[in-house]
Amino acid sequence: MSFGRKGITSGEEAMGAAGMRQGFGQSPVQSLASAPSGADVRRFDVTPNPLVMLACLLFFGAVAAFMAYEMADPRGLILNGLIEFGPLGADIFFGVLALSAAAGAFIGGAGFITSLSGKSYLTLDANAIEGTTGVWSRTPVRIQYGLIKDISMDEYEGKFSLKIVGRGGEKIVAPSQNFNAIGEFEEFLDLLNERMAAAGR
């Protein structure tokens, strides 16, 4: 199984760790033959920042309301003097933008509620990784390293989101922006790579 990063053009500089430079783009077994016995449990605080989540809620909520208001305008729409929409086309255009902004507001609101309801952690022990399926989820999901089916990483504006899927369909999502200390996301990736290698993944 290849442990790669999607959409990253300077992964080595971003990771800054030899173990991760070896691990991406090749089998994790090649980067580390075995993890030290009795590996310590490492727990990362990934509680969403309540101020950031509140800002997302307010900003995207305002955008969604504005786009909904524009849908009520009976006129058409001309974009950059080149693309022309009739009244129905303009409604569809603003409707899509309104739905996208509403989704952002929902995520911000869910993250804000989650951040106030208690701490969220991402845990790596000698046998498995434990986390949650998303920013609004409080239910812990545990996946053994040997039962990891797929790992993918997406990048958007310098932020990364790692998704881990188990053979039974279990899913853990780890956004880089939720780690509370600089360098912890890179440390998490290194440890995950090492412990997957020890499990033969």
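The values are calculated or read from the model by the stated rules, or taken from the named source; none is laboratory data. As the structure is a computational prediction, the values presented were derived from the model and not from experiment. In this analysis, Cβ positions are derived from the backbone assuming ideal geometry, glycine residues included, and neighbour counts consider all displayed protein chains. Areas reflect the complete protein model, heavy atoms only, side chains present, ligands, DNA and RNA absent. Shrake-Rupley method; radii C 1.70, N 1.55, O 1.52, S 1.80 Å.
What the table below lists for this structure:
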{"item": "Any hit, the range 49-65, residues being open to solvent by 60 Å² or more (accessible area, probe 1.4 Å), farther than 30 Å from Ser117 by Cα, aromatic (Phe, Trp, Tyr) and part of a helix (DSSP H, G or I)", "result": "no"}
{"item": "Candidates Ala64, Ala98, Ala105 - the one that is touching a Gly at 6+ places or on another chain (Cβ under 6 Å) and closer than 30 Å to Val46 by Cα", "result": "Ala105"}
{"item": "Residue list for the range 72-111, filter: open to solvent by less than 70 Å² (accessible area, probe 1.4 Å), hydrophobic (A, V, I, L, M, F, W, C) and under 23 Å from the mean Cα position of the chain (by Cα)", "result": "Leu97, Ala98, Ala101, Ala102, Ala103, Ala105, Ala110"}
{"item": "Filtered residue count, the range 47-67, keeping only those that are at pLDDT below 90 and small (Gly, Ala, Ser)", "result": "1"}
{"item": "Among residues of the range 154-201, those that are outside any helix (DSSP H, G or I) and of a type in the set (A, V, I, L, M, F, W, C), counted", "result": "11"}
{"item": "Selection count where residues are assigned to a strand (DSSP E or B), under 13 Å from Glu130 (Cα atoms) and either open to solvent by less than 20 Å² (accessible area, probe 1.4 Å) or polar (S, T, N, Q) (or both), scope the range 141-153", "result": "3"}
{"item": "Selection status of Glu194, at pLDDT 85 or above and open to solvent by 50 Å² or more (accessible area, probe 1.4 Å)", "result": "yes"}
{"item": "Qualifying residue in the range 130-138 (condition: surrounded by fewer than 14 Cβ atoms within 10 Å (Cβ to Cβ) and not basic (Lys, Arg))", "result": "no"}
